[in-house]
Structures are given as structure tokens and as C-alpha cells.
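K.L.:
Please see the structure below; I have some questions.
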Amino acid sequence: MNKLRVIYKTLFKAFGPQHWWPGDTPFEIAVGAILTQNTNWGNVEKAIDNLRAARALSAQKIHEMPIDKLAALIRPAGYFNIKAKRLKAFISFLMKNYHGSMKKMKSDDMRLLREKLISVNGIGPETADSILLYAVEKPIFVIDAYTKRILSRHEIMDHDAPYEAFQGLFHEALRRDTRLFNEYHALFVRTGKDFCRPKPLCHTCPLYDMLSSPAKKKL
């Protein structure tokens, strides 16, 4: 059986459904994808709670809001001045191209939409793919630091391989299914946080038995 499928089955059996990405609406998920850059999710939740409390968790409200006020509200997410500019850039993109509607954005072709998103200031491949997969339910696999770390330690892909090479592994080995990609990525996040850390906890990880002997010696 394909090794990536075995990893998925093993992790799903160990952890079950992850119900990821947290967010009540596609717009909230997209905002979270931008705010989570270089910080943990707990800080993002605080920033989103601030936006919600200020009744500002909408494209129109953020579009109209002075950037210094936006920066103050999202301060818990860190790098708040930079992220305020990035969030404003995304909102401008959403307003200009889709009249502020995530539903209209969802109707766009996935490859074209990905190109458009990556052209927005501050949105790279990982953030764009997170928005595509989780906010507008497009079948694209998100590659993050956890995914790279887990696959490289299992000697499936060199850690420094390009983003597109990692993503191609999943697109070639698995059926293009939004729910599958969603759950698989979420399971990698869980595994990376709990076990496959910079200093790994290999012996208690569900994937430990899948490590080759040379890989075990390196850890």
C-alpha cells in the first residue's frame, strides 16, 4: 500500500477526526490563515476574538477600518503592523475581485484563484493553500513545517525540497478530495505538535514503527 496512505490510516486510527480548521465562517477561516503566520493558534484566537468583540469580523468592516485600529485589535497575533497590512491587502483583493464575498471567490477556478492569492502582498503558497482548502473547500494539500519535518524524518522527502515537490507527493498518491486533504493535514498538525517536535518524542508517536532503522538512529 502507498506509504502516504498508511501514514494517514495510522494517524486517523490513533487520533480520529480533528475538526480543523477552527472558524465559524469561510471569512473567519481566511483571516485566521493570514494571522497564524509565525505564531501559535492561541494567539490567533485572541486576535479574532478582539475583531469579533469590536463587531469588525467582516470584509466591509475591515476594509473601512483605519489600519492602526486594525493593528491594535490583532496585536495578540504578533507582528501586528505587518499582519494588518497583509490583512488589508487580502481584503482589498476580496472587495475588488469578489465584492467582499467568499462565496463568489469559491466559484472561481482553483488554479486561477491560487495564482491570484499568491499575488496578494504577504500571501505565500502555504497561506494561499490554507485559504483554498479550508475556507473555500478546494482539493489542494497544504504543506507546512510539520509536514516537512514528518516526511523528512521518515525519509520520504528531503526537508529542503521545494514546496511544490512536497505537495506533488500528495496530489499524485491520493485522490483529489477536499475532506481527505483537510483531515490529513490536520492530523499532521496534531502529530507535529504532540510528537514530531524539534526534539521529537518518537517512541510514543503512532508512526514510530514506520521509521526505518537508519532514521531511528538519527533521532
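K.L.:
Taking into account only those residues within the range 25-64 that are small (Gly, Ala, Ser) and within 16 Å of ILE91 (Cα to Cα), which is farthest from the chain's Cα centre (by Cα)?
P.N.:
Out of the qualifying residues, it is ALA56.
K.L.:
Something else about it: Condition first: over 19 Å from LYS83 (Cα atoms) and surrounded by fewer than 17 Cβ atoms within 10 Å (Cβ to Cβ). Now tell me which residues in the range 117-148 satisfy that.
P.N.:
GLU137, ALA145
K.L.:
Hey, another quick one. For the range 146-179, which positions are without any contact (Cβ under 8 Å) to a residue 40 or more places away in the chain and hydrophobic (A, V, I, L, M, F, W, C)?
P.N.:
Selection gives LEU151, MET157, ALA161, ALA165, PHE166.
Values quoted throughout were computed directly from the atomic coordinates according to the rules given, and no laboratory measurement underlies them. Keep in mind that this is a model prediction, so the values were computed, not measured. Positions of Cβ are backbone-derived with ideal geometry, glycine not excepted, and every protein chain shown enters the neighbour counts.
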